[in-house]
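Just below is one structure, and these are the notes that go with it.
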Amino acid sequence: MQAGPETQNSSMVVIPSADPSYHPLFSMEDADVVLSSCDGTLFRVPSATLKMTSSWFRTMFKLPQPPASSTTDIITLSEDSVTLEGLLRMVCGIVIPTLTCWDDVEPILYAAEKYDMPGPHSIIRALAHTPPFLNEPLRLFAAACRYDWPDEARLASTLSLALDLADPLYRPDLLKLKTSALLALQDLHRARLAGFRARLSQPPFLTDVQMADGSGQRCRCGEPFDYGAWRELKYAMERELERRPKGDTVREGLEEWHVAKVCWASRCRRSACNNNVYDVSSTTRAIRDAIDSLPSAIEAPVE
Ligand SMILES: [Zn+2]
């Protein structure tokens, strides 16, 4: 529930007009309301537009007004001129300024939330599907959770799988998430790692029992296999998936890994036999299938 102007009077004071320095795009004489940014830029806006696009202003204009004066009163808002310009361009249908990152749009989103303006939210929600915004999935996730954009929340959770959430680099973005959103994201990352570990311990891979029981599997020549190289490779893949839950670096890059080359080159220890221990192509395919089977997005929209 958006707080109405009755409870937000602290963010709005009405002062007599003086020293006008109007924003060039918002200086139309026929506009009957003057808004001031906190840094003193004035914006002339038709009250009809504000009433149509914002229930906050709609409520404010319904409140008893002071007696009409010869000069227009200025309504000072707590947003700076850049934010107010972006917001008013969106509600007045003026070409939107170039917004290239979350630092540009977040203050507009906050202001739109405060004044209960759905229009700017829709515009920014559409913008969020373009590369500069998709490149910061944690910021997209935060906005999507805060403003109840379920599709974008799922998309952002998928994109976040390329990130290691334990990296201190992402701490500031994670701290901005609501607890329920943070937990949903961590659960997804953890579920992929746990799922991958579980799959690697089930057929067609060697089970934990087979790994522990060295005599359980033997070469056709009767010599027991040594699974040390597979154990190393498994560990390396799990660490990589922990660092990058997306799994693409395991899925596509495995051939280049030293531990993988050592593992695939494993031979029976009996020199006269020299049998391959692992079937490289079927094992590689099973690893890819295991990664593809992991959950790739948060389950339900975050509250
Ligand atoms: Zn052998």
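Here are a few things to note about the model shown:
- The set of residues in the range 130-165 that are closer than 15 Å to LYS246 by Cβ, without any contact (Cβ under 8 Å) to a residue 24 or more places away in the chain and of a type outside the set (S, T, N, Q) contains only ALA156.
- Residue pairs whose Cβ atoms lie under 6 Å apart, separated by 6 or more positions or on different chains, with the first residue in the range 275-293 and without any contact (Cβ under 8 Å) to a residue 40 or more places away in the chain and the second away from the ligand (no atom under 16 Å from the Cβ) and in a helix (DSSP H, G or I), are VAL280/TRP264; ARG288/ARG251.
- The range 104-117, subset open to solvent by 40 Å² or more (accessible area, probe 1.4 Å) and at pLDDT 95 or above, residue farthest from PRO132 (Cα to Cα): ASP116
- Applying the criterion of at least 1 residues that are surrounded by 12 or more Cβ atoms within 10 Å (Cβ to Cβ) and modelled with pLDDT of 90 or more to the helices (runs of 4 or more DSSP H) found wholly in the range 171-258 leaves 171-175, 179-200, 228-243, 248-251.
- Hits in the range 230-272 (condition: among the aliphatic types (A, V, I, L, M), more than 16 Å from the ligand (Cβ to nearest atom) and without any contact (Cβ under 8 Å) to a residue 40 or more places away in the chain): LEU233, ALA236, LEU254, VAL259, ALA260, VAL262
- Filter result (assigned to a loop (DSSP other than H, G, I, E, B), exposed (fewer than 14 other Cβ atoms within 10 Å of the Cβ) and more than 8 Å from the ligand (Cβ to nearest atom)) within the range 273-289: ASP279
- Residues being away from the ligand (no atom under 16 Å from the Cβ) and either in contact (Cβ under 8 Å) with a residue 40 or more places away in the chain or among the acidic types (Asp, Glu) (or both) - total across the range 194-227: 9
The values are calculated or read from the model by the stated rules, or taken from the named source; none is laboratory data. Everything numeric here is computed off the predicted structure, so don't read it as measured data. Virtual Cβ from ideal backbone geometry, glycine too; neighbours counted across all protein chains shown. Protein only, heavy atoms only, side chains kept; ligands, DNA and RNA dropped before computing areas. Shrake-Rupley method; radii C 1.70, N 1.55, O 1.52, S 1.80 Å.
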